[in-house]
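Input: a single structure, listed below in structure tokens.
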């Protein structure tokens, strides 16, 4: 599990781990929610434009249907998946497949996001990465939404979100 705020390097770390597995001749498959079309509709793309081919899926159940003969499964933007992702990850792990999941741990309101808390609880390892606060330069762990919108899911980048530390995040609420 790789988690953190927006702009913290989650996807970069996921891609790095998957490329290492591929370099070690392990068979990998990567999935992302089909709603995530920010940079590319098929590839997982980091903010630094690092890319890896993926399969967009409408729900977590599709992952189990599509996985065959692999050593490692990568899942990006896990917070956008349904709660069934917890079962999917456990099922894959129980089959001996290494599962690497990346996603936001908190939504823009500072609350646990989607299936992330349950996946974190089941994970053997959790890496929390941090961005740099755009207000003060300290470690940032919040994704502050800069536009007025109440929808939980609002795809965007620096045009809609800023990484902030706790103090700066709370000062803007």
Residues listed by number, the stretch 73-92, amide nitrogen under 20 Å from residue 121 label point at 7 Å toward C-beta: 78-92
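Can you quote the Å³ per residue value for the convex hull of the Cα atoms in the chain, rounded to an integer? Write down the numbers at each step before the final one.
Working: hull volume 19.0 nm³, N = 173.
Considering the Cα atoms of the chain, their hull volume per residue is 110 Å³.
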Modelled FRET efficiency - R0 30 Å, residue 171 with residue 50, Cβ distances, 0.05 increments: 0.35
Degrees between helix 85-94 axis and first principal axis of the chain (Cα, 0 to 90, nearest 10): 40
Relative contact order (percent, whole number), the chain, Cα cutoff 8 Å, 6+ residue spacing: 27
Estimated [θ] at 222 nm from DSSP helical runs (n ≥ 4, -39500 (n - 2.57)) normalised by residues in the chain, nearest 500: -7000 deg cm²/dmol
Helix axis angle, 10-23 relative to the chain longest principal axis, alpha carbon, degrees: 20
Residue 34 paired with residue 128, simple spin-label distance in nm, labels 7 Å along Cα-to-beta-carbon: 3.5
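No value in this document is a laboratory result; all are computed from the given coordinates. None of the values given here were measured: they were computed from a predicted structure. Positions of Cβ are backbone-derived with ideal geometry, glycine not excepted, and every protein chain shown enters the neighbour counts.
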